[in-house]
Amino acid sequence: MSVSLIPVDIPLTDHFVISQGEVRMVRNIFVEIRLQEGTPGYGEITPFPELAGADRENCMRLSKEVAAIITGKEVSGFKKIVHEIREATPGNTAVRCGFETAIIDALCRSLGISLGTFWGGRETGPFETDITIPILSFERSMELARHWHSLGFRKFKIKVGVDAHKESRLINTIFNEWPGSRFIIDANQGFTPDEAIQFATALQGNEVPVIMFEQPVNKKDIDGMARVRNSISIPVAADESAASLPELREIISKRAADIINLKIMKTGLFEAIDIAVTAHSMGLKLMIGGMIETRIAMGCSLALVSGLGIIEHLDLDTPLLMVKDPVEGGYHYEGPWIFPSMGSGLDISIQSGL
């Protein structure tokens, strides 16, 4: 196989602001591999320095090293290749994910099957996703909520953890205006345990239908997250705290979460599957989301939803937050509903001119 690395810059419709920082421009890397007979495979590397530590320049340097390792190898030996990639990318799961996705995409295209079929083919969809409202002014947040509600979205993921009073007001205002709305509250580690409990208790008192409270406290404070879970009736989801199997085991042992948020960019593609299967076997529910990814990485995550058949909550909306879509084909959105493609692999191609 041969490898090409394609930097891609895509502006966002609004700044993507969370409690840990903000992103104004998507600065990702597309991985394109070609098998000897010309079959392509695509993956995506999404640096998010505020959460993952690596920027695009670091990812590009490491990607060139990985490309040199896998060039000339046969995709049929993908298990060994994936192991070699893992050994070459300690601490950089985004690069690992990009190459893993591209390899499996090329393999599935060569076999003439979809990624969902490769992972088991248990569900065909369509699947409902939430829509994210980042931390913006109250007025802009309401404009976005109104826009997305008009398109049929009823699950709002509200980023919180900076100004609890404003954030609580926003959630209550959306609920009062559209009583059929449901909410995912995502603090991205922004609260102390006491603050998280106070915030959730207030929402409970107003009978706001909250699906889950995601990563309420610092990712290392598993005991604090367990205290939050034991103090509120809203299910608690672990995201940044669940970036590996050992971390998942600690969450399970301390009964610190009800739901695990999977992200292939956070863990790598194959470890995400291991985490999903382990968490499900222990009775935890599963959600799948992403960093700020295009439909390449999101398509791979969607394939896990349709293939494994055990992921209940979808947070696969970030392509909708971009000014343009840099890829063609693949799955598509109709309002909040995602319709998988049954073409080979991801069934996606990169638009010319990038």
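The values are calculated or read from the model by the stated rules, or taken from the named source; none is laboratory data. Since we're looking at a predicted model, the values are computed, not measured. Here Cβ is always computed from backbone atoms with ideal geometry, including for glycine, and neighbour counts include all displayed protein chains. The protein model used for the area step is the full one, side chains on, heavy atoms only, and it has no ligands, DNA or RNA in it. Shrake-Rupley method; radii C 1.70, N 1.55, O 1.52, S 1.80 Å.
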Long-range neighbours under 6 Å by Cβ, at least six apart or interchain, first residue over 28 Å from Pro49 (Cα atoms) within segment 182-203, second of a type outside the set (A, V, I, L, M, F, W, C): Arg182/Lys155; Arg182/Pro209; Ile197/Ser231; Ala202/Ser168
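Residue-by-condition table, conditions (1) more than 27 Å from Lys79 (Cα to Cα); (2) in contact with a Phe, Trp or Tyr (Cβ under 7 Å, 6 or more places away or on another chain); (3) open to solvent by 10 Å² or more (accessible area, probe 1.4 Å):
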| site | (1), (2), (3) |
| --- | --- |
| Gly224 | yes, no, no |
| Leu245 | no, no, yes |
| Ile251 | yes, no, no |
| Met265 | no, no, no |
| Gly268 | no, no, no |
Identify, please: which residue in segment 3-18 is in contact (Cβ under 8 Å) with a residue 60 or more places away in the chain and touching an Asp or Glu at 6+ places or on another chain (Cβ under 9 Å) and is, among those, nearest to Ala196 (Cα to Cα)? Ile18
Residue by residue through segment 42-86, note down the ones that are within 18 Å of Ile264 (Cβ to Cβ) and either of a type in the set (A, V, I, L, M) or touching a His at 6+ places or on another chain (Cβ under 6 Å) (or both). Ile45, Leu51, Ala52, Ala54, Leu62, Val66, Ile81, Val82, Ile85
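Condition check ((1) under 21 Å from Ile171 (Cα atoms); (2) modelled with pLDDT of 95 or more) across all residues:
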site	(1), (2)
Asn206	yes, no
Ile211	yes, yes
Pro216	yes, yes
Asp223	no, yes
Arg227	no, yes
Asn230	no, yes
Ile234	yes, yes
Ala242	no, yes
Ile251	no, yes
Go through segment 83-100 and give me each residue that's aliphatic (A, V, I, L, M), within 10 Å of Val66 (Cβ to Cβ) and surrounded by 24 or more Cβ atoms within 10 Å (Cβ to Cβ). Val95
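Which of the residues belonging to segment 252-273 are assigned to a helix (DSSP H, G or I) and closer than 17 Å to Gly289 by Cβ? Before the answer, list the steps.
Of the residues in segment 252-273, the ones assigned to a helix (DSSP H, G or I) are 252-253, 264-267, 269-273.
Ile264, Met265, Lys266, Thr267, Leu269, Glu271, Ala272, Ile273 - these are the residues of segment 252-273 that are assigned to a helix (DSSP H, G or I) and closer than 17 Å to Gly289 by Cβ.
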So how many residues does segment 26-50 have that are over 17 Å from Ile85 (Cα atoms), open to solvent by 10 Å² or more (accessible area, probe 1.4 Å), part of a strand (DSSP E or B) and not basic (Lys, Arg)? 1
Tally the residues that are outside any strand (DSSP E or B), open to solvent by less than 50 Å² (accessible area, probe 1.4 Å) and modelled with pLDDT under 85, restricting the search to segment 1-25. 1
Taking segment 306-340 as the region of interest, how many residues are part of a strand (DSSP E or B), more than 15 Å from Trp148 (Cβ to Cβ) and charged (D, E, K, R)? 1
Can you tell me which residue within segment 136-181, out of those that are touching a residue at least 60 places away in the same chain (Cβ under 8 Å) and open to solvent by 70 Å² or more (accessible area, probe 1.4 Å), is nearest to Tyr333 (Cα to Cα)? Leu151
Consider only pairs whose beta carbons are under 6 Å apart and that are at least six residues apart or on different chains; among these, list those whose first residue lies in segment 302-324 and is at negative phi and among the charged types (D, E, K, R) and whose second residue is modelled with pLDDT of 95 or more and surrounded by fewer than 18 Cβ atoms within 10 Å (Cβ to Cβ). Glu312/Lys285
Pairs, please: C-beta under 6 Å, at least 6 apart or cross-chain, first residue closer than 24 Å to Lys220 by Cβ and in segment 48-60, second at pLDDT below 75 and open to solvent by 40 Å² or more (accessible area, probe 1.4 Å)? Asp55/Pro49
Of these, Ile275, Ile197, which one is buried (at least 16 other Cβ atoms within 10 Å of the Cβ) and over 26 Å from Gly98 (Cβ atoms)? Ile197
